[in-house]
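First comes the structure, then the notes that go with it.
The values are calculated or read from the model by the stated rules, or taken from the named source; none is laboratory data. On a predicted model such as this, the values are computed, not experimentally measured, just so you know. Here Cβ is always computed from backbone atoms with ideal geometry, including for glycine, and neighbour counts include all displayed protein chains. These accessible areas exclude ligands, DNA and RNA; they are computed on the full protein's heavy atoms, side chains included. Shrake-Rupley method; radii C 1.70, N 1.55, O 1.52, S 1.80 Å.
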Amino acid sequence: VQHPAPQAAGQRATLFSEDFNNGLAGNNGVGAWTVAGPNGNVWTYTHTGPNGAYSQPTEIIASATVANGFMIFNSDSANTNWGVTPPAIVASPVPLTGSLVSPVLDLSATPAVEVRFSQRFRFCCATSTGGPGHFLEVSTDGGATWPTRYSVEDGLGNNTDSGTRDLGINIAPAIAANPANVRFRFTQDGTNGITHYHWQVDDVQVNTLPDHELIMLYGYT
């Protein structure tokens, strides 16, 4: 269940938080982040906006801690020829797949949790078959397998800048089998043809969920 909201509601305790002040080394009290996949190294730590032949640096994430850095899957940059002036997209841009992977978390004492994070993304050129390819994926065996994935695009299509969004995803059903050995990761899956532009992630939290919660989606007088 996805709950877009400016911030987490009440009755939540933060069990894990990451502002990427130290990049992949982590600033969370648990351990370092890693990258994975054929293009995992496209995930980089930065203080500036996306760059590349088609990117706009002004499309930088407006997260709460943007000043101390954030992570970006800078696929436009990876598909840019930086040896020419001005930089130009390569003749045949390639789809890219890579993951930003959390450290292992023991959530056995509090398995009813959400993963909440700030993000900003723009992508091209996903095919209509299978849809776009940005996911939060969850493992309960320390990252050996990743059976659960949640789309994080909220219906946006090709060439649309999402703006900065906060997203909370309830992962309790996904970790019920073994909450003592949880990892989650942010994965761009290029099998749908995504070659550019960018996906920025910051201010990641794992929060407890209240026993009961109501969210008003619409109201009128």
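Laid out as a table, the results:
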| quantity | calculated |
| --- | --- |
| Residue within the range 43-62 that is within 18 Å of Gly168 (Cβ to Cβ), surrounded by fewer than 18 Cβ atoms within 10 Å (Cβ to Cβ) and modelled with pLDDT of 95 or more present | yes |
| Lone qualifier among Asn159, Asn207 - being within 26 Å of Gly69 (Cα to Cα), more than 15 Å from the chain's Cα centre (by Cα) and at pLDDT below 90 | Asn159 |
| Given (1) touching a residue at least 12 places away in the same chain (Cβ under 8 Å); (2) over 15 Å from Asp161 (Cα atoms); (3) open to solvent by 60 Å² or more (accessible area, probe 1.4 Å); (4) not polar (S, T, N, Q), index of the condition Ala109 fails | (1) |
| Conditions (1) farther than 22 Å from Gln200 by Cβ; (2) modelled with pLDDT under 95; number of the one not met by Asn170 | (2) |
| Single condition Arg120 does not satisfy, out of (1) surrounded by 17 or more Cβ atoms within 10 Å (Cβ to Cβ); (2) in a loop (DSSP other than H, G, I, E, B) | (2) |
| Residue ID - least open to solvent (accessible area, probe 1.4 Å), chosen from residues in the range 167-210 that are within 21 Å of Pro147 (Cα to Cα) and part of a loop (DSSP other than H, G, I, E, B) | Ile171 |
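Results for (1) hydroxyl-bearing (Ser, Thr, Tyr); (2) buried (at least 19 other Cβ atoms within 10 Å of the Cβ); (3) at negative phi, shown as yes or no for each residue.
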| position | (1), (2), (3) |
| --- | --- |
| Met71 | no, yes, yes |
| Trp82 | no, no, yes |
| Val94 | no, no, yes |
| Thr97 | yes, yes, yes |
| Val101 | no, yes, yes |
| Val104 | no, no, yes |
| Val113 | no, yes, yes |
